[in-house]
1. If Gly450 satisfies every condition in (1) within 30 Å of Thr71 (Cα to Cα); (2) surrounded by fewer than 24 Cβ atoms within 10 Å (Cβ to Cβ) but one, which is the exception?
2. Determine whether Pro305 is surrounded by 15 or more Cβ atoms within 10 Å (Cβ to Cβ), farther than 26 Å from Leu223 by Cβ and in contact with a Phe, Trp or Tyr (Cβ under 9 Å, 6 or more places away or on another chain).
3. From Leu121, Leu193, Leu144, grab the single residue that is out of contact with any helix residue (DSSP H, G or I) (no Cβ under 8 Å at 6 or more places or on another chain) and either among the hydrophobic types (A, V, I, L, M, F, W, C) or assigned by TED's automatic domain parsing to the domain that holds Gln34 (or both).
4. Filter the range 172-193 for residues that are within 14 Å of the ligand (Cβ to nearest atom) and assigned to a strand (DSSP E or B); which is nearest to Gly371 (Cα to Cα)?
5. Having 1 or more residues that are within 27 Å of Val446 (Cβ to Cβ) is the bar; report the helices (runs of 4 or more DSSP H) wholly within the range 68-166 that clear it.
6. Report yes if Leu143 is at pLDDT below 95 and surrounded by 15 or more Cβ atoms within 10 Å (Cβ to Cβ), otherwise no.
7. Working carefully through the options Arg151, Arg111, Arg137, find the one that is within 22 Å of Asp389 (Cα to Cα) and either of a type in the set (Gly, Ala, Ser) or out of contact with any Lys or Arg (no Cβ under 9 Å at 6 or more places or on another chain) (or both).
8. Do we find a residue being in a strand (DSSP E or B), in contact with a Cys (Cβ under 6 Å, 6 or more places away or on another chain) and on the phi < 0 side of the Ramachandran plot anywhere in the range 205-215?
Amino acid sequence: MTPELTPRGPAGRALWRAIRTRAGRARPDLGDVQGNVLRPYDNDHAAYLFVELRDPTAGRRLLHDLLADVTPSAPWVVPPVVTTNVALTAAGLGALGLGDEELRTFPAAFRQGAVRRAAFLGDRGPAAPEHWEPGLRDDTTHLLITLTAWRSERLDERVEALHERIAGDDGLHLAHTQRAERSEDRREHFGFLDGIAQPRLAGVDPPGTPAAGTPRRRGWQSLPLGEFVLGHTDAEGIRAPGPLHGWGTNGSYVVVRKLYQDVAAFRSLVSEQGRDHPGGPELLAAKLVGRWPDGTPLTLSPDTPDPCLADDPGRVNDFRFVDDPDGLRCPVGAHIRRANPRDGAGVGGVMTTRHRLLRRGVPYGPRLPEGSADDGVDRGLLFVCFVADIERQFEFVQRRWLVDGDVLGLGSDPDPLLGLPEPGAKCKVPVPGGPPYLVRLERPLVVVRGAAYLFQPGLRALATLASGSTGSR
Ligand code: HEM
């Protein structure tokens, strides 16, 4: 364990106290925070429209037109047929006429954007920005309109209307449209239930909401709103860095990554290397993820999936890693253990508090039928997460825990699902009473095909941006 992850003694105790007292205080303005941040939409169909703003007036006009449709976090009386949300890249804020002085008050990671941070994040080789899809990058794209619906034809209509609206304005250019679809069984393309462990939010999720993966010494904690929404105090009792003059209030940063999944490569790794694994291919696949395909955590049920446990919201996230230090049940290198080491990251888990993400990703592309060879079709996960601090939350998880496992005692071995393996890379799967089983990671299973860092303002701030009164150049 690194010293960085383990403040002991008075520092650790003070952090705990701050978390407990601040967690209860947040009073979110649900009418101002955009929807999908505090609670996920439950819609199966999504579309992401990336727009280039070639002229500030046209950009403001579009924002103004969108304002009436933007969906807030406030509970719905009648669910919207199509939800609409809007976020901007740093280049987009500039393209709307935001002054340099104002832009400089945003954190450096956001201003630099996903393209310039790519090398630091490990996006190299086939995942480097020069291979990203046109328009799916934040140096040339400015605005992201996210639409979701429970009926795909309603989404189609809205997408078409927006395409026409954008095409009809010379000051705008539709840079990219990405559709995404959740399947009925809610599994991602490698076949695992996704979106199970999400942080619990103080003042938002009702008391009694089950454990969500952020441990405290005894039981589980809710996180203060400021961990995900600007203008509110976070777990250390401070406010995350954001724009000056209060117009960042109730906004969040959004990280979007289009992650292509090589399903045929995943399946052949599991079947070929699983043949010699003592538990066979199915257990080996579960060991790479840390859960069985139905979501049963290996930590609680290491030998077989347990459908009752998987269906029980009170139990499916109620596990820790400290009793399994060698990873005999859930390998230290498994995806979920790397992405959220829980109490394995020191001080009973308090340090993971500062590195949580609200994940809102949706799979895209058709399923690869079982038994099929690679069909060359584009499929994967449109990864989306909301945070209050891109560097401390998303980049820390991606860079320090997933890409490079040094702080978790895994050397330079990458996450088995996400890593771009160097020759000799492996995932160590400990076997009780025997030598560990080493899974050879020979080719990437997931490749980044586009990425953007965006800021999703609160609704009042969005209106201010649309009106152009934010300190123009
Ligand atoms: C194609 C890429 C990915 C796939 C297939 C994938 C798959 C999964 C699956 C199956 C789970 C377990 C279900 C759950 O707890 O929700 C999970 C959990 C998780 N993943 Fe990923 N994931 C991907 C990318 C990422 C990325 C890029 C990040 C962050 C940078 C990430 C962070 C997490 C976190 C934080 C958890 C929850 C861990 C916990 O709290 O127990 N994942 N992922």
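1. Failing condition for Gly450: (2).
2. Against the criterion (surrounded by 15 or more Cβ atoms within 10 Å (Cβ to Cβ), farther than 26 Å from Leu223 by Cβ and in contact with a Phe, Trp or Tyr (Cβ under 9 Å, 6 or more places away or on another chain)), Pro305 qualifies.
3. On the way: Leu121 fails: out of contact with any helix residue (DSSP H, G or I) (no Cβ under 8 Å at 6 or more places or on another chain); Leu193 fails: out of contact with any helix residue (DSSP H, G or I) (no Cβ under 8 Å at 6 or more places or on another chain).
Matching residue, one of Leu121, Leu193, Leu144: Leu144.
4. Among those residues, the one meeting the criterion is Arg187.
5. Hits in the range 68-166: 90-95, 108-121.
6. For Leu143, the condition - at pLDDT below 95 and surrounded by 15 or more Cβ atoms within 10 Å (Cβ to Cβ) - is not met.
7. Unique residue meeting the criteria: Arg137.
8. To start, the set of residues in the range 205-215 that are in a strand (DSSP E or B) comprises 215.
So of that shortlist, the ones also in contact with a Cys (Cβ under 6 Å, 6 or more places away or on another chain) come out as none.
No, because not a single residue in the range 205-215 is in a strand (DSSP E or B), in contact with a Cys (Cβ under 6 Å, 6 or more places away or on another chain) and on the phi < 0 side of the Ramachandran plot.
The values are calculated or read from the model by the stated rules, or taken from the named source; none is laboratory data. The model shown is predicted, which means the values in this text are computed figures rather than measured ones. Using ideal geometry, Cβ is built from the backbone for each residue, glycine included, and neighbour counts are taken over all protein chains shown.
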